[in-house]
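Below: one structure, written as structure tokens.
The values are calculated or read from the model by the stated rules, or taken from the named source; none is laboratory data. Nothing here was measured: the structure is a model prediction, and the numbers come from that model. With ligands, DNA and RNA removed, areas are computed over all heavy atoms of the protein, side chains included. Shrake-Rupley method; radii C 1.70, N 1.55, O 1.52, S 1.80 Å.
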Amino acid sequence: MILLCLALVLLLAAACVGAGFSRRAGADTVVYGAGGAAGVLAALAGLGQIAGGGEASVLHLPLGLPWTGAELRIDALSAPFLLIAGVGGVAASLFGHGYGRGHHGAALEPGRVLPAYPLFLAGMLLVLAAGDAFVFLAGWEFMSLGSWLLVLATHREAETPRAARVYLVMACLGTLALMLCFGLLAGTGGDYRFDTLRAAERG
């Protein structure tokens, strides 16, 4: 769990660097390097849980809903996906660094890509490690908004604005559907932790 938290902190710091220093030389190297490092940390977190084969690793945070807080969880289900996402994050960071260098000054604007890319990765990791509905939806929104901003990175191309609008509408509909599902699963109990939802369904 410590490795996953380090990955998330690294990605949020990289997003700040991308937002504030995107026009400075070497900013892309810092952001994509942080993305790659976070991918390695996430992959190691997943691999460690798989190798350990023990109980789930859980972290409770004093955030989220007042009566439940927020929960991060790495278990037998999420660990393989964290491993896959981590390896994918490393590969995407290596590709993105070279691709961005090759298209610098063209239709692709680094100032639009560098803040959004680490936010997208952080959202994806939060979705996979969510232990309750609040963290899942927060991660889902980070991932959706980050990828929407990445779509808009080539906004000067004629078809991009329409594609971004369609994507945003679909992402909003997906969020509404998820909120409805979580509300139905929680029922009148109001406990949105996944452990509680699973226990209620079995009961």
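For a quick check of understanding: with a 1.4 angstrom probe and all protein chains in place, what accessible area in square angstrom does C181 have, to the nearest ten?
Roughly 70 Å² of C181 is accessible to a 1.4 Å probe.
I'd like the orientation of helix 27-52 relative to the chain: the angle between its Cα long axis and the longest Cα principal axis, in ° from 0 to 90, rounded to 10.
Taking Cα atoms only, the helix is inclined about 30 degrees.
Comparing L12, L77, L126, which has the greatest mean-square fluctuation in the GNM of the chain with Cα pairs linked when under 10 Å apart?
L77
Tell me the mean residue ellipticity at 222 nm calculated for the chain from its helices only (DSSP H runs of n ≥ 4, each -39500 (n - 2.57), averaged over every residue, nearest 500).
Helices in the chain give a 222 nm mean residue ellipticity of -24000 deg cm²/dmol.
So what does Y167 come to for accessible area, using a 1.4 Å probe and Å² rounded to 10?
Rounded to the nearest 10, the figure is 80 Å².
Please give the Cα centre distance for segment 52-89 versus segment 151-187, rounded to the nearest Å.
Value for the Cα centre distance between the two parts: 24 Å.
Take the chain, connect every pair of alpha-carbon atoms lying under 10 Å apart with a spring to form a Gaussian network, then pick out the residue of G26, G96, G35 with the largest mean-square fluctuation.
Result for the chain, Cα springs under 10 Å: G26 fluctuates most.
On a 0 to 90° scale, report how tilted helix 133-151 is relative to the longest principal axis of the chain, with both axes built from alpha carbons and the result rounded to the nearest 10.
Helix 133-151 sits at roughly 20 degrees to that axis.
When the Kirkwood hydrodynamic radius is evaluated over all pairs of different C-alpha atoms of the chain, what value in angstrom, to one decimal, is obtained?
17.9
Consider just the alpha-carbon atoms of segment 155-200 and return their Rg together with their Dmax, both in angstrom.
Considering segment 155-200 through its Cα atoms, Rg and Dmax are 16.9, 50 Å.
Mind pulling the angle between the C-alpha long axis of helix 78-102 and the longest principal axis of the chain? Nearest 10 degrees, somewhere in 0 to 90.
Orientation of helix 78-102: about 10 degrees from the principal axis.
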